[in-house]
1. Report, by residue number, each residue of segment 134-148 that is within 18 Å of the chain's Cα centre (by Cα) and of a type outside the set (D, E, K, R).
2. Please work out if residue 329 is farther than 29 Å from residue 349 by Cβ, among the charged types (D, E, K, R) and either touching a Lys or Arg at 6+ places or on another chain (Cβ under 6 Å) or assigned to a helix (DSSP H, G or I) (or both).
3. Which of the residues belonging to segment 349-374 are among the polar types (S, T, N, Q), in contact (Cβ under 8 Å) with a residue 60 or more places away in the chain and surrounded by fewer than 18 Cβ atoms within 10 Å (Cβ to Cβ)?
4. Return the total of residues in segment 14-42 being within 30 Å of residue 350 (Cα to Cα) and not polar (S, T, N, Q).
5. Output the residues belonging to segment 156-193 that are within 21 Å of residue 227 (Cα to Cα) and either among the hydrophobic types (A, V, I, L, M, F, W, C) or out of contact with any Ser or Thr (no Cβ under 8 Å at 6 or more places or on another chain) (or both).
6. Quickly run through segment 3-25 and pick out the residues that are surrounded by fewer than 22 Cβ atoms within 10 Å (Cβ to Cβ) and either among the hydrophobic types (A, V, I, L, M, F, W, C) or modelled with pLDDT of 95 or more (or both).
7. Please specify each residue of segment 165-196 satisfying the condition of being closer than 14 Å to residue 124 by Cβ and of a type outside the set (A, V, I, L, M, F, W, C).
8. Of the residues in segment 64-82, how many are within 22 Å of residue 18 (Cβ to Cβ) and either under 21 Å from the mean Cα position of the chain (by Cα) or among the polar types (S, T, N, Q) (or both)?
Amino acid sequence: MATESLGPVVDADGHVLEPLDTWQKYIDPQYRDRAVRLEHDDNGWEVLMFDNKPLNVIRGALGALGGVGSDPEEAEAFFTPGQRTYADGCPPGSYDPVPRLRVMDSEGIDISLLYPTVGIAWEGWVADPKLATAYTRAYNRWIIDFCSENKKRLYPVAHISLIDPDGAADEVVWAKEQGCVGVFLSPDMVARGWKHFNDPAFVRFWETVQDLEMPVGFHVVLRDEPSWRDWIQGEGDFGLFNFAFLAIDVMAAFTQMISLGMFELYPRLKCTVLECGANWISAWLDRMDHKYEPLAGRSVLKLKPSEYFYRQCLVSADPDETLTARIIEHIGADYFVWASDYPHIDSNYGVAAELKERLAPLPQTDQQKVLGTNALRFYGITA
């Protein structure tokens with residue numbers, strides 16, 4: 001299936017809104033009493049429970065995990081505790097593959113790579129490595145079932161938790177066998193037990209994803225205590241600063257992967273940088289290359305930082321970014337994919353058409369790469 005003359009359109013970062021009984025249904029029985037679940041607090045507000053502990057950052061505002069297409073007034077209601085429920089924010093296409101395919105048809109999207117939503121919020125709360133792997137396995141079972149509705153259009157990306165390094169490597173092997181095409185990793189330090197990416201505990205994991213050709217993707221996460229929490233004014237204040245800064249952990253993870261020489265150690269490892277936009281990448285590569293020059297003698301890198309990006313990475317563009325075509329002209333079209341972020345509250349409908357307008361100044365072959373063929377190549381998908 002292809003859209004017009006620009007080839008297949010691939011959403012490289014779409015989301016689901018998991019039914020909140022997913023973990024209770026899909027988790028290994030011995031962990032069921034500690035599964036992710038929905039409860040109500042003394043105010044009657046919805047609260048997510050992870051290992052029997054509440055997530056407070058969106059207490060009473062779980063609908064804001066969805067809410068696609070909301071205008072400012074609607075969005076304010078979603079963010080106001082007690083005004084909207086999780087179900088209120090969930091369009092059918094977020095949890096049911098049949099209407100999801102209809103949404104894709106109406107949006108002109110041929111293929112979607114799917115990432116979690118509740119899954120981006122529990123790492124950091126879960127300190128038990130085996131429970132973390134049980135959470136990921138439960139989600140992975142569910143998303144594989146979801147995508148089985150149409151295996152040519154819906155592709156699962158496995159959630160993997162590095163807090164359990166051996167469990168992570170085992171889960172990657174299983175997920176690959178079940179049809180997952182990539183790996184979602186939480187970018188923040190707490191999600192991997194405060195270990196750096198080059199910790200010896202992770203060697204088997206990195207070797208596994210490299211050998212299986214499973215690209216890893218860093219994506220924004222939601223935390224009660226984010227890495228930049230000292231900048232937040234007021235407990236429980238989820239405002240513009242927080243929303244914008246969700247990208248910082250992703251940028252930090254990508255930068256550490258390069259600076260620690262992970263792409264030197266694992267030259268066939270592939271990495272996607274997600275949901276922090278793409279227009280920053282040119283300036284950041286220039287900055288890293290410039291700072292590398294006086295430090296080359298004490299660095300493990302044998303190439304300039306930008307050369308590892310060109311060799312092994314992709315960055316995802318948001319449809320509303322205004323300089324994407326210019327950045328692509330400067331960097332090269334081979335290094336970009338795009339994402340709808342459906343069905344999150346900062347996403348909208350008509351994004352594929354919006355992106356096409358942004359890319360229109362580029363040659364048609366470059367447009368085709370960004371719209372779809374880069375993602376197909378990177379993830380080994382045959383359209």
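The values are calculated or read from the model by the stated rules, or taken from the named source; none is laboratory data. Quick caveat: nothing in here was measured; it's all calculated off a predicted structure. Counting neighbours? That spans all protein chains shown, and the Cβs are built from the backbone with ideal geometry, glycine included.
1. Of everything in segment 134-148, those that are within 18 Å of the chain's Cα centre (by Cα) and of a type outside the set (D, E, K, R) turn out to be 135, 136, 138, 139, 140, 142, 143, 144, 146, 147.
2. Details: farther than 29 Å from residue 349 by Cβ: no; among the charged types (D, E, K, R): yes; either touching a Lys or Arg at 6+ places or on another chain (Cβ under 6 Å) or assigned to a helix (DSSP H, G or I) (or both): yes.
Against the criterion (farther than 29 Å from residue 349 by Cβ, among the charged types (D, E, K, R) and either touching a Lys or Arg at 6+ places or on another chain (Cβ under 6 Å) or assigned to a helix (DSSP H, G or I) (or both)), residue 329 does not qualify.
3. Once the filter is applied, which keeps residues that are among the polar types (S, T, N, Q), in contact (Cβ under 8 Å) with a residue 60 or more places away in the chain and surrounded by fewer than 18 Cβ atoms within 10 Å (Cβ to Cβ), segment 349-374 yields only 364.
4. First pass over segment 14-42, keeping only residues within 30 Å of residue 350 (Cα to Cα): 14-20, 22.
With the extra rule that they be not polar (S, T, N, Q), the set shrinks to 14-20.
Of the residues in segment 14-42, 7 are within 30 Å of residue 350 (Cα to Cα) and not polar (S, T, N, Q).
5. If the condition is that a residue be within 21 Å of residue 227 (Cα to Cα) and either among the hydrophobic types (A, V, I, L, M, F, W, C) or out of contact with any Ser or Thr (no Cβ under 8 Å at 6 or more places or on another chain) (or both), then 160, 162, 163, 184, 185, 187, 189, 190, 191, 193 are the ones that fit.
6. Across segment 3-25, the qualifying residues are 6, 8, 19, 20, 21, 24, 25.
7. Our first condition is that a residue be closer than 14 Å to residue 124 by Cβ; within segment 165-196, this holds for 185-195.
186, 187, 188, 192, 193, 195, listed by residue number.
8. Matching residues across segment 64-82 total 7.
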